[in-house]
1. Could we say that C:ALA133 is of a type in the set (Gly, Ala, Ser), farther than 26 Å from A:GLU262 by Cα and modelled with pLDDT of 95 or more here?
2. If we scan the range E:8-30, do we find a residue that is part of a strand (DSSP E or B), on the phi < 0 side of the Ramachandran plot and either in contact with a Pro (Cβ under 8 Å, 6 or more places away or on another chain) or not basic (Lys, Arg) (or both)?
3. Specify the residue that is nearest to F:VAL177 (Cα to Cα); the eligible residues are those in the range F:232-246 that are among the polar types (S, T, N, Q) and under 19 Å from the mean Cα position of the chain (by Cα).
4. Output the residue which, of all residues in the range C:7-39 that are crowded, with 21+ Cβ neighbours inside 10 Å, touching a strand residue (DSSP E or B) at 6+ places or on another chain (Cβ under 6 Å) and within 28 Å of C:ARG104 (Cβ to Cβ), is nearest to the other protein chains (Cβ to nearest Cβ).
5. Show the residue pairs meeting these rules: Cβ distance below 7 Å; 6+ apart or different chains; first residue within the range B:56-85 and over 21 Å from D:VAL170 (Cα atoms); second residue of a type in the set (Asp, Glu) and not in a strand (DSSP E or B).
6. Within the range B:110-138, how many residues are surrounded by 19 or more Cβ atoms within 10 Å (Cβ to Cβ), away from every other protein chain (no Cβ under 14 Å) and among the β-branched types (Val, Ile, Thr)?
7. Can you tell me which residue in the range A:241-259 is surrounded by the most Cβ atoms within 10 Å (Cβ to Cβ), limited to those that are under 22 Å from B:ALA247 (Cβ atoms) and of a type outside the set (Gly, Ala, Ser)?
8. Which of the residues that make up the range F:216-236 are β-branched (Val, Ile, Thr) and under 16 Å from F:SER106 (Cα atoms)?
Protein chains: 6
Amino acid sequence: MLEIVRLALEEDIGAGDITTESCVPAARMARGRFLAREPFILAGTTVLEQLYGRIQLHKRDGEECAESEVFADVEGPARLLLTRERVALNFVQRLSGVATMARRFSDAVAGTDCRVLDTRKTTPGMRMLEKAAAAAGGIVNHRVGLFDAILIKNNHIAAAGGVRQALEDVRSANLPVEIEVRTREELREALENGATHLLLDNLTPAESADWIREIGGRAQVELSGGINLQTVRAYAETGADFVSSGAITHSARAVDISFRLELI
Amino acid sequence: MLEIVRLALEEDIGAGDITTESCVPAARMARGRFLAREPFILAGTTVLEQLYGRIQLHKRDGEECAESEVFADVEGPARLLLTRERVALNFVQRLSGVATMARRFSDAVAGTDCRVLDTRKTTPGMRMLEKAAAAAGGIVNHRVGLFDAILIKNNHIAAAGGVRQALEDVRSANLPVEIEVRTREELREALENGATHLLLDNLTPAESADWIREIGGRAQVELSGGINLQTVRAYAETGADFVSSGAITHSARAVDISFRLELI
Amino acid sequence: MLEIVRLALEEDIGAGDITTESCVPAARMARGRFLAREPFILAGTTVLEQLYGRIQLHKRDGEECAESEVFADVEGPARLLLTRERVALNFVQRLSGVATMARRFSDAVAGTDCRVLDTRKTTPGMRMLEKAAAAAGGIVNHRVGLFDAILIKNNHIAAAGGVRQALEDVRSANLPVEIEVRTREELREALENGATHLLLDNLTPAESADWIREIGGRAQVELSGGINLQTVRAYAETGADFVSSGAITHSARAVDISFRLELI
Amino acid sequence: MLEIVRLALEEDIGAGDITTESCVPAARMARGRFLAREPFILAGTTVLEQLYGRIQLHKRDGEECAESEVFADVEGPARLLLTRERVALNFVQRLSGVATMARRFSDAVAGTDCRVLDTRKTTPGMRMLEKAAAAAGGIVNHRVGLFDAILIKNNHIAAAGGVRQALEDVRSANLPVEIEVRTREELREALENGATHLLLDNLTPAESADWIREIGGRAQVELSGGINLQTVRAYAETGADFVSSGAITHSARAVDISFRLELI
Amino acid sequence: MLEIVRLALEEDIGAGDITTESCVPAARMARGRFLAREPFILAGTTVLEQLYGRIQLHKRDGEECAESEVFADVEGPARLLLTRERVALNFVQRLSGVATMARRFSDAVAGTDCRVLDTRKTTPGMRMLEKAAAAAGGIVNHRVGLFDAILIKNNHIAAAGGVRQALEDVRSANLPVEIEVRTREELREALENGATHLLLDNLTPAESADWIREIGGRAQVELSGGINLQTVRAYAETGADFVSSGAITHSARAVDISFRLELI
Amino acid sequence: MLEIVRLALEEDIGAGDITTESCVPAARMARGRFLAREPFILAGTTVLEQLYGRIQLHKRDGEECAESEVFADVEGPARLLLTRERVALNFVQRLSGVATMARRFSDAVAGTDCRVLDTRKTTPGMRMLEKAAAAAGGIVNHRVGLFDAILIKNNHIAAAGGVRQALEDVRSANLPVEIEVRTREELREALENGATHLLLDNLTPAESADWIREIGGRAQVELSGGINLQTVRAYAETGADFVSSGAITHSARAVDISFRLELI
């Protein structure tokens, strides 16, 4: 079981579900149905499998659920179904919210050459699940964590003593290195010292376009900062290769799902 | 350390922060400053203490931070500060978002006799932290999980075979028992069988007021379903004792905070 | 991350991979290739995704890998690749062994109406992964654990005081109940008291066929005990609905895979 | 939940509290009262909140409880209260013991300019809780672990090849560095190479005073080794800035607390 | 690895041992020696094996170490040895303290027919380790937790509604049941209803002897409450079968051990 | 409790053992007997102690069990015994399989000067348990993980830039360093640069003997690759100091054990 799923169960159930233990006998079997109460992009079904062992999925991650559509059915002990209902919903509602938000971002840049990236601004403990949900929604996953790619941000540059030194420190890498540049001078220094990916943070679309012209294809460009559903199209049309937005994960709204229990 | 904090560190750092290990020597010390980039109610500082060991807090949970205000400073190894920056922000931005949302709900019902409750619709793994953040924002905590109070919902009533039987099943309790009622008939059956707290779900404010008149003080009343910042005042003025809203935790937006590293 | 993956990393890496830390700089990037050294059915690729964040899969779980075929490539920090190599192999070699064994069982009963089931005789900590591997190999998953289905075994019958009483104890269940019967008398008692699934343990194929004739379709039949690749066909031809074998998981041989590191 | 709290519950409850499950129905509610049976300084109430969800505290950490005083009340399911009683007591009795010991050390040096520090000689798994308890008792927390401050002990000096080299190795630090010195020669070498904090271990008070005279304010001084409630005053009067004692955490006696269950 | 050992490592090392990483190269090998600085009964060596992988033990759990005796040697990377030193000592010092205390209790009752029991008043997270240490010291382990034996205490009696009812509730048990009795009336009621083990709490030795005379061998007797090294002999001579004391685990003093690092 | 034991319990029991909870009352006590159904070398009894608290062992790890022999008895609550039966068997069957395989390898080289080593090809999460089982079977434990010894394999040599450089990188080590050599040239380079232990992988016995003659005692030699019960004797007679085989752990067959429940 994913640790985050175990944690969610522990904090909700603790010493036992006293209502269910009082009202429902251990051997009572039942069916539970997951019902969309608004349209959304589904994600998080892997958690349902972990919670219930076996479940019948009518939709898969990344598919759209219509309002009133049943997307999953589970049969099993009624106590199991009732006791894990809230945890199941908390995961799937949140993750489907991320997938739905990702789909909107992806749609917003359709037709440009720019792709949307997610970030590390994910819900604590849910990094892999939210990365998968964002991908199911149609955007591209950026690095998973601090361990799988090099990204030199302004704090690293300061600690290293400048752009040149920071790039020197990672010279042994033979794969692309991304570095954040904040001034035209840092930009030139980065290009002269072998940077292949540049991160430009907190520029306007117009400023971004101007910087990208100067870069002139010598490196790939990612824009970040202030990018939301309203602004993402303008940034995508600057010629950037990527735009990244933390809002996909850190501020997605939970979608509305209900769980119907049927005794059988 | 809270398990959710360990998980968040593991998923972000994994095999190591290769950028920081490449650019920053182990013995370099630094200072980091947490800076509010918009006004919000602070929450989650206990996580900062767990992440850094020692930290200097200028504000406490529940206090308001103004834009550009530094609310915490931490001194320590630069690697520690850099490697844990993202996790620290992910927690505090989210939890302060919950506290800020809770404050808005609390303000919205000011002057009525109705109090706002949170729910179990919390972020997986963050139940206790989000409960504390909501309380710091000024609302009242409902039960923590399935283990610390009895709440008979419609699925339990179905599994037990009716309102009367469900209340019978929990008769040995000598503390208040809350039960969800969905029809006037269930309402009367609940009152006749000793329910002391009633949950009314998905009514309009007008319907709620009508039901509450019938109850006539014979039980405490909680309203839930469709309650958000726009509607909460109307529900609070129905005469209900409590209104509860999952939006406080499941759809709060992360507030904007930056982390400034200073070499010293 | 799955807890079992975290555990495997912790026990292998502990205080650090001293060889790799001594020989390989933090910023060195590399490519690793997973190469089949014998033909097998692939399983466990979800673990590779958890270990490396991003990986390029050329085959999916349940597909056959030929000898010398590269089924996955991963690019990233050389330290990450080297340090997690053994853990990655330990998982994929074992899980592909399970999938390969499951495929052999499945092939052995092809053309009969009998289906092969796995059991709870799985490697500690790997229940879900081995269930998925067995399914990828083509057999049917039995219950996941003690929580998701009722199976009354001889020890339960003894503790309950007989077949009749045990079936009475689970009467509130409205879904099928499986019960182990060890004598003809228990068989009749089970059928008279509503059992819908019968487990016959440690019979010969001839005995099984005889019992199944007496049951005459009044209940579904599962055979277990002494079922291996040599005997499974004979058991499948008795008219049983299911045969189950712990050997699929508890005694599968690890397949041979090598990991080639290429500096790039 | 803190991991150490989860562990304590798991090891005590395991497969279930068979006495309570046999004697007490799931829906029975009750009140539990925590009663001091001797005077002490309270600590560890955060664990009570984690164990019970909601609890009414009449005293806070760091406050003194008189004999026979009730410092906390909790209402909830009787099973919850009974099953978690022993774990709750094991934490609060131990942590209050630490706070009480810390208060005695703090009182013993009152009026001097010397402050008492705790150490890393804490109970496994309880570092943060014991640090908080010691602070509640009135002493100053030393570093939390190996990660948040540099302290060069004699084994590091040996491994580095001498005082000079060890201080050279941490030169990039721009914050104070503490180093243990065991001879006058090491002392001089440390002062000449920029040490700002010195640790003197296992000296008598008279020896300590003599060394401190030689140091003459060029560095801060911490004394450790052989410091207990009987000797701490003498060490505090040597002119040292700090004295540290492992006894505060590794040998504190559990205070006497009882838990009274009242059915309501 | 035991979870408590992992926790202890995590809380001490956190983001890394910055002193050791700065002063000691990854490939430096060394030898560490564990040296008794006072006489004690050894316990906890299983933790040393978990921390270091391989270790050479000169003494085993339950054996006595003399002052200045080296009881264990470990060879390995110097970083490993230094970074895990404090955690190793925290465990072995505490557990040997428990074993030493247990030996004193055991010696104190030598020659009587009474045996000393430990309790569930153990350090959170260390139940199994402390039980093993107490047994190594020579006393008898009481139940491990709430799950492996029935012990009806006064709170259970209250919740069940009296001694008779509580014993009725556990009637299906066919093994001995222990029950706490607090009055002569409860004593008689317990004996009449089949109790085979009685717990008498907080009596003086004289009172205990008087109760035991009345019991007259009809049940086994355990005395608890107020039993320490000074009083245990008097209680043991009352004719009781067992005396139990929480002091063995909750108030044992850590013994003094040092760790000597030798470069080789 | 070992984390792997907790995981195994969680995945098997999950929300509860619904069959046992339905058929067996909480206070029913019972005895369980572990019975060998084939001859094997016992291992894993430490897990039984963790699962049951107290258990009576008639054999110890490393001893041989005859067919039909009872090697352990446990008394306790029937629910506990039934619910943990499968997990107990899964551990002991697997670990005894490892011990039995290790004994066969050990017997196969009897009379030679060569010793058998295990590897890191262990079941995820069971490293320490399988190392102990292998040792109980009579073979020698190789390093536990990446943290406790240096072993330079061909991927490290590639990343370091050659044998000479790799040995240079670990020069600060003062203990033996093992290095894998794949050509005669690498062999000579390793010997010239101070290697004291050589790993020869995937040679035939004849080739191995030839290389070992060239080495002529200047370093210790370990052979690996293609070593199984059929070939191990031939490799052991080449003059090698050690042969290592992953098959001891990664492909051991579970031995046959049954658990008999007796109501008492």
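The values are calculated or read from the model by the stated rules, or taken from the named source; none is laboratory data. These numbers come from a predicted model, not from an experiment. When we count neighbours, we look across all protein chains shown, and the Cβ atoms used for this are built from the backbone with ideal geometry, even at glycine.
1. Values: of a type in the set (Gly, Ala, Ser): yes; farther than 26 Å from A:GLU262 by Cα: yes; modelled with pLDDT of 95 or more: yes.
Yes, satisfied.
2. The initial filter retains those residues of the range E:8-30 that are part of a strand (DSSP E or B), namely E:29-30.
Restricting the remaining residues to those that are on the phi < 0 side of the Ramachandran plot gives E:29-30.
Within this subset, residues satisfying the condition of being either in contact with a Pro (Cβ under 8 Å, 6 or more places away or on another chain) or not basic (Lys, Arg) (or both) are E:29-30.
So far as the range E:8-30 goes, yes, one or more of its residues are part of a strand (DSSP E or B), on the phi < 0 side of the Ramachandran plot and either in contact with a Pro (Cβ under 8 Å, 6 or more places away or on another chain) or not basic (Lys, Arg) (or both).
3. Taking the range F:232-246 as the starting set, the residues that turn out to be among the polar types (S, T, N, Q) are F:238, F:244-245.
Cutting the leftovers down to under 19 Å from the mean Cα position of the chain (by Cα) gives us F:244-245.
Numbers: F:SER244: 17, F:SER245: 20 Å.
Looking at residues that are among the polar types (S, T, N, Q) and under 19 Å from the mean Cα position of the chain (by Cα), I get F:SER244.
4. Of everything passing the filter in the range C:7-39, C:PHE34 is nearest to the other protein chains (Cβ to nearest Cβ).
5. B:GLU67/B:GLU38
6. Looking only at that region, the number is 1.
7. Looking at residues that are under 22 Å from B:ALA247 (Cβ atoms) and of a type outside the set (Gly, Ala, Ser), I get A:ILE248.
8. To start, the set of residues in the range F:216-236 that are β-branched (Val, Ile, Thr) comprises F:221, F:227, F:231-232.
Within the range F:216-236, F:ILE227, F:THR231, F:VAL232 meet the criteria.
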